1. Would you mind checking the tilt of helix 43-52 against the longest principal axis of the Cα atoms of the chain, expressed as 0 to 90 degrees and rounded to 10?
2. Across the Cα atoms of the chain, what radius of gyration and what greatest pairwise Cα-Cα distance (Dmax) are found, in Å?
3. About its Cα centre, how strong a charge dipole does the chain have in debye, to the nearest 20, once Lys and Arg get +1 and Asp and Glu get -1 at the Cβ?
4. Got a sec? Charge dipole of the chain, +1 on Cβ for Lys and Arg, -1 for Asp and Glu; which of Y49, L33, L14 is way out at the positive end?
5. Using 0.36 nm per residue, how much length does the chain from K3 to E48 gain when fully extended, once their Cα-Cα distance is taken away?
6. Determine the per residue accessible area of the chain with all protein chains present and a 1.4 angstrom probe, expressed in square angstrom.
Amino acid sequence: MEKLLTVDEAAVLLGTTSRFPRRLIAERRIRFLHLGRHVRIPESALAEYVQAGMVQPCQAPVRQYLGQAS
C-alpha cells in the first residue's frame, strides 16, 4: 500500500505552507482521499503534480546584430 500523507506532511515535501496543498485539494488539482473527516494525499499524487509542472530548459537562439551600434 502506498504511503498516504497528511496535508502538513505534503506541505513539508513541497516546501510550502499547509495552505497550498489545501488549495490544490479545493481546486481538485491533485488526487486525495477522504478517510472519515481526514484528508490524505498519496505520495505519488505529489510526484505527478510536480512532474506535470516541470518546465524543461531550451536553448536560446543566438542573436546576430546587423548594423552599427549607436
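1. The helix 43-52 is inclined about 20 degrees to the chain.
2. 20.2, 71
3. Numbers: 10 positive and 6 negative charges, 54 e Å.
About 260 debye.
4. The listed residue farthest towards the positive side: L33.
5. Details: separation 45, 0.36 × 45 = 16.20 nm, distance 1.45 nm.
Length gained, K3 through E48: 14.7 nm.
6. Working: 6060 Å² over 70 residues.
Heavy-atom accessible area per residue stands at 87 Å².
The values are calculated or read from the model by the stated rules, or taken from the named source; none is laboratory data. In this text the structure is predicted, and so the values were computed from the model without any measurement. Please note: Cβ atoms are built from the backbone with ideal geometry, for glycine as well, and neighbour counts cover all protein chains shown. These accessible areas exclude ligands, DNA and RNA; they are computed on the full protein's heavy atoms, side chains included. Shrake-Rupley method; radii C 1.70, N 1.55, O 1.52, S 1.80 Å.
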